[in-house]
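Okay, so here's the structure we're looking at.
The values are calculated or read from the model by the stated rules, or taken from the named source; none is laboratory data. Keep in mind the model is a prediction, meaning the values are calculated, not measured. Neighbour counts are summed over all protein chains in view; Cβ atoms, including those assigned to glycine, are modelled from backbone coordinates with ideal geometry. All accessible areas refer to the heavy atoms of the entire protein, side chains included, with ligands and DNA or RNA removed. Shrake-Rupley method; radii C 1.70, N 1.55, O 1.52, S 1.80 Å.
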Amino acid sequence: MSEDFRPAVTVVEVGPRDGLQNEAVAVPLDAKVAFVDALAAAGVAAVEATSFVNPKLVPQLADATDLMRRIDRRPGVRCLALVPNERGYDRAREAGVDAIALFTAATDTFAQANVGTTIDGTFERFAPVAARARTDSVWMRGYVSVAFHCPYAGPVAPDALPPIVSRLLDLGCDEICLADTIGRAEPGEVKRALDAVFSVCPAERLALHFHDTSGNALDNVDAGLAAGVRVFDGAAGGLGGCPFAPGAPGNLATESLVAHLARHGYRTGVDREALMAAVAPILSRLRGASA
Ligand code: MG
């Protein structure tokens, strides 16, 4: 086989966490384990598998410990879990987690609505978690929700982003992910946001998380690629929908992302057929056999 000289793009699969958390139908543990294992086998570089949030608040993810213990830990596939606080960190570590994600937002109003505190408040919660993660050599991703548009505060000024990204880097985050949580961003806005963020963070440490609510996700991926970003999130089957627009597309479907990247000459290592086979049982469970 000849070597593949196409430039590489890293695909981060967020379906098992971001996707399933936002679906109304609960998926049993066995099906989740099979889903995560099949996604890893399909060649995604990273899977966001679950979240160690309070099981009373998010019952869909109450099986986080069992899930982490049962999935295949394939060498070379990073398996991420969301950790909101120190209690979640303790549970995650007991379950063998070695890569975590922390969530903040670009606006105080979104942070208040989503996690009940301000941007500053999210950093107060993270600080002890991040300190322990650094000591434990746990890999960290920092998410910035509503990085382009906020459902409450409207468009986000690019200048708002560098201070937040800097704080995440100072905490020791290895990667920063800018998320278009409501799927409103346009390519020009992505470019302006990235130009601002590059003043504090190199492209190599950035990831982009797009939603296809307005049909712009792949154009926004192109804007990210043109700016030098090489890590993009997707949710197989477009799992998750849009919590702010019922019935509208949410997370960019990983299969669309992978096909788009292949058409534009990038390699992802993801087998698209295997990816679609991985999500098919989940889709039929959530949406009926016709999905
Ligand atoms: Mg999402």
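Using DSSP to define loop residues, name the trypsin sites (Lys or Arg not before Pro) in the stretch 21-76 whose beta-carbon has at most 14 other beta-carbon atoms within 10 Å.
Lys56, Arg73
Suppose every Lys and Arg Cβ carries +1 and every Asp and Glu Cβ carries -1, with no other charges. What dipole size does the stretch 158-246 come out with about its Cα centre, to the nearest 20 debye?
Working: 6 positive and 13 negative charges, 15 e Å.
With only Lys, Arg, Asp and Glu charged at Cβ, the dipole is about 80 debye.
In the P(r) worked out for the stretch 6-290, what percent of Cα pairs fall beyond 25 Å?
Percentage above 25 Å: 41.
Using the Cα centre as the reference, give the magnitude of the dipole from point charges on the C-beta atoms of the stretch 6-290 (Lys, Arg: +1; Asp, Glu: -1; all else neutral), rounded to the nearest 20 debye. Write out the running numbers ahead of the final one.
Values: 27 positive and 33 negative charges, 82 e Å.
So the dipole magnitude of the stretch 6-290 works out to roughly 400 debye.
Using a 1.4 Å probe on the protein heavy atoms only, what accessible surface does Leu206 show? Give it in Å² to the nearest 10.
Per-residue accessible area (Leu206): approximately 0 Å².
Sorted from largest down, give the three principal axis spans of the alpha carbons of the stretch 1-131, whole angstrom values.
For the stretch 1-131, the Cα extents along the three principal axes come out at 53, 34, 29 Å.
Accessible area per residue of the stretch 82-197 at 1.4 Å probe, in Å²? Before the final figure, lay out each step's value.
Details: 4450 Å² over 116 residues.
Per-residue accessible area for the stretch 82-197 comes out at 38 Å².
Could you go through the stretch 59-65 in sequence order and give the Karplus-derived ³J(HN,Hα) for each residue, using 6.51 cos²θ - 1.76 cosθ + 1.60 with θ = phi - 60°, rounded to whole Hz, and x for Gly and Pro?
Karplus-based 3J(HN,Hα) across the stretch 59-65 equals x, 4, 10, 5, 8, 4, 5 Hz.
If I compute solvent accessible area with a 1.4 Å probe over the protein chains, what percent of it on the stretch 6-290 is carbon and sulfur?
50
Please say if the stretch 182-291 is rounded, prolate or oblate, where rounded means a/c under 1.5 for a ≥ b ≥ c the square roots of the C-alpha gyration tensor eigenvalues, and otherwise the choice is prolate for a/b larger than b/c and oblate otherwise? List each step's numbers first, then the result.
Details: a/c = 2.58, a/b = 1.54, b/c = 1.68.
Oblate shape, in that a/c is at least 1.5 and b/c is the bigger or equal ratio.
Please list the non-local residues whose amide H lies under 5 Å from the amide H of Val12, H modeled 1.01 Å from N, same-chain partners needing a gap of 5 or more.
Residues meeting the criterion, in which the H sits 1.01 Å from N, are Phe232, Asp233, Gly234.
For Met276, what accessible surface area do you get with a 1.4 Å probe? Give it in Å², rounded to 10.
80
Using the charge dipole of the stretch 6-290 (Lys, Arg: +1 at Cβ; Asp, Glu: -1 at Cβ; taken about the Cα centre), state which of Val9, His211, Ala64 has its Cα farthest towards the positive end.
Among Val9, His211, Ala64, the one farthest towards the positive end of the dipole of the stretch 6-290 is Ala64.
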